[in-house]
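This report refers to the structure that appears directly beneath it.
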Amino acid sequence: MENLAEAIHNKKARVAVIGLGHVGLPVACTLAEAGFQVLGIERNEAKAAHIGAGISPIGGNEPRLARLLTDVIQEGKLRVGTDYAECRETDVALIAVETPVDSASKKPAYEALRGALRDLGAHLRRGSLVIIESTIAPQTMAKVVRPLLEQMTGLKADGDFYLAYCPERVMPGKLLSNLRTCNRVIGGVTPQAAELARALYGHIVEADLDITDALTAELVKTTENAYRDVQIAFANEIALLCENVGCDVYEVRQLVNKSPYRAMHVPGAGVGGHCTPKDPWLLVHGTEGKLKARLIPTARAINDSMPLHVAELAEAGLAEAGRGINKARVTVLGYAYLENAADARHAPTIPLVERLIALGAKVTIHDPYFAEHSIVLRQAIAGSDCVIVMVAHDEYRSLNLAEVREWVATPVLIDGRNVFDKKRAQDLGFVYAGVGNL
Ligand SMILES: NC(=O)c1ccc[n+]([C@@H]2O[C@H](COP(=O)([O-])OP(=O)(O)OC[C@H]3O[C@@H](n4cnc5c(N)ncnc54)[C@H](O)[C@@H]3O)[C@@H](O)[C@H]2O)c1
């Protein structure tokens, strides 16, 4: 361990980052920038080739990342490949592969994680440090990661090699800055592993590095995303109740939050992304026992219902304007799950559009961050019977509503993200419905 601790301290440790996605790529670039020699292992050959050529596959507004990647590739600090055999030469391996849940059972689907562990295990050197960065269900380190690595290597994780769980807290749009400035939880399978991991992250993180055990770290990560999901579900429920009685949920929220110790979240047209819709299920799965989780699944159901509620608002808005939804031309603004990002994983627009099509609407999706939906905005809106805002991209916030009024055929505006002023829209002649603000 002393040799490895010294190598990490002197930045002589060679680091492998496995899975070069939204988490792994910025981590690999940041470690390379900090002075480590980094090897990126990416299963997807085309993606690996792309990244190896210094081109970032992550679209949207991601400050500094594309430039940093080009620099660290050109300087030879980051090499990218698909062959795990090269891990024989590395001292530290970070795993940042996707960890979805099965869409029907909501149980973890760990194919990518198991694959990475098997392939790494076949080449892991005695005395190495392995860090899992992917979000995993509680007990996964004890029941999946450790046994699989020990079986593959014939080594023990209490000294033959070191094992820690250090989940990421990054958000698309802020990947590099979050990496540097967010506090980190370090769950060591052994205290020595935690100390080694802390020494490594100490080179790149300018925030607290809180050491705990692996199970606690697993609970912390999944709880923080379940917390967010439940808070959003609460805000969504209040939005629906406000609709019942004709009140503006955004004004209610603003005034609620003036009361001490209240911090009501923002309601809206649904929750997407790779993490928030699935991490609550990882928490539920990993803590199964005599008592059943009740609030967390309910919150998931509320958030999943919001895009369908938006479809109902569109149908009602069209009816008010004297038009049926069947054959109506509906323009959906925003395909991403997050504003100004090019990530559509579990985006609420997907179930919304499915429902609209099932109702007979002719749907046009606009999103400047996706080539297939990046038509001229005016063209997307021209002749529309109903415009639905699903994502608060800057381009939509700066839309001139008076112009939109001239472009559309029927003036129905459904605002899923509180982008437009209701009174102004109504003054221009729109039938307006916002989520939580009819
Ligand atoms: N996206 C986020 O903002 C975010 C934030 C915090 C935590 N996380 C967690 O981090 C993990 C990764 O998420 P992501 O968004 O980076 O996913 P991603 O899908 O963007 O990236 C995962 C990458 O791993 C690669 N991969 C899969 N299996 C592999 C294997 N066996 N060997 C090598 N490469 C492999 C994939 O091809 C992909 O490029 C997940 O557990 C996620 O929950 C994500």
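The values are calculated or read from the model by the stated rules, or taken from the named source; none is laboratory data. Computed from a prediction, not measured in an experiment: that's the story for all the values here. Quick reminder, even Gly has a Cβ in these numbers, built from the backbone with ideal geometry, and neighbours come from all protein chains shown. Side chains included, ligands, DNA and RNA excluded: accessible areas come from the protein's heavy atoms. Shrake-Rupley method; radii C 1.70, N 1.55, O 1.52, S 1.80 Å.
Quick one: with all protein chains in place, what share of the accessible area of the stretch 2-214 is carbon or sulfur, to the nearest percent (1.4 Å probe)? Walk me through the numbers on the way to the answer.
Working: 4050 of 8820 Å².
C and S atoms contribute 46 percent here.
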Self-check item: For the chain: relative contact order, % (alpha-carbon pairs under 8 angstrom, 6 or more apart)
Solution: 12 percent
Practice problem: Express as a percent, rounded to the nearest 5, the fraction of DSSP beta bridges in the chain (both residues included) that run antiparallel. | Solution: 10 percent
Exercise. Measure out, as a whole number of angstrom, how far apart the alpha-carbon centroids of the stretch 108-181 and the stretch 20-97 sit.
Key: 17 Å
Quiz item: Taking only Cα atoms, what is the 0 to 90° angle, nearest 10, from helix 65-74's long axis to the longest principal axis of the chain?
Solution: 30 degrees
Quiz prompt | Helix axis angle, 24-34 relative to the chain longest principal axis, alpha carbon, degrees | solution = 50 degrees
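Just from its helices, what would the mean residue ellipticity at 222 nm be for the chain, if runs of 4 or more DSSP H residues each count -39500 (n - 2.57) and the sum is divided by every residue, rounded to the nearest 500 deg cm²/dmol?
Rounded to the nearest 500, the figure is -12500 deg cm²/dmol.
Where does each of 16-23, 191-198 land if you order them by average Cβ count within 10 Å, highest first?
Values: 16-23: 26.2, 191-198: 20.9.
Averaged packing, sorted descending, gives the order 16-23, 191-198.
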Self-check item: Accessible-area value, residue 332, 1.4 Å probe, nucleic acids and ligands omitted, Å²
Solution: 0 Å²
Quiz item: What is the sum of charges around residue 124, taking Lys and Arg as +1, Asp and Glu as -1, for the other residues whose C-beta is under 14 Å from the C-beta of residue 124?
Solution: +1
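Using 0.36 nm per residue of separation minus the Cα-Cα distance, give me the extension gain between residue 79 and residue 45 in nm, one decimal.
Values: separation 34, 0.36 × 34 = 12.24 nm, distance 1.38 nm.
Contour length minus the Cα-Cα distance gives 10.9 nm.
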Practice problem: Compute the accessible area per residue over the stretch 2-214, keeping the other protein chains in place, probe 1.4 Å, unit Å². | Solution: 41 Å²
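With a Förster radius of 51 Å, plug the Cβ-Cβ distance of residue 89 and residue 259 into 1/(1 + (r/R0)^6) and report the FRET value to the nearest 0.05.
Values: r = 58 Å, r/R0 = 1.13.
E between residue 89 and residue 259, to the nearest 0.05, is 0.30.
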Quiz item: Across the chain, how large is the tail of the calculated P(r) beyond 30 Å, expressed as a percent of all Cα pairs?
Solution: 49 percent
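How large, in percent, is the carbon and sulfur part of the accessible surface of the stretch 297-434 at a probe radius of 1.4 Å? Let's see the in-between values first.
Details: 2770 of 5780 Å².
Roughly 48 percent, rounded to a whole number.
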Exercise. Enumerate the lysines that residue 174 could reach by cross-link, defined here as Cα to Cα under 22 Å, with residues fewer than 8 away along the same chain left out.
Key: 47, 221, 278
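Quick one: what do you get for the stretch 2-214 if you divide its Cα Rg by 2.2 N^0.38 Å? Mind dumping the intermediate values first?
Working: Rg = 15.9 Å, N = 213, 2.2 N^0.38 = 16.9 Å.
The reported ratio for this selection is 0.94.
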Quiz item: For the Cα atoms of the chain, what angle does the longest principal axis make with the long axis of helix 349-358, in degrees from 0 to 90, nearest 10?
Solution: 40 degrees
Self-check item: Surface accessible to a 1.4 Å probe, per residue, for the residues of the stretch 297-434, Å²
Solution: 42 Å²
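Using a Förster distance of 51 Å, how high is the FRET efficiency between residue 251 and residue 6, based on the Cβ-Cβ distance and rounded to 0.05?
Values: r = 59 Å, r/R0 = 1.16.
The computed FRET efficiency comes out at 0.30.
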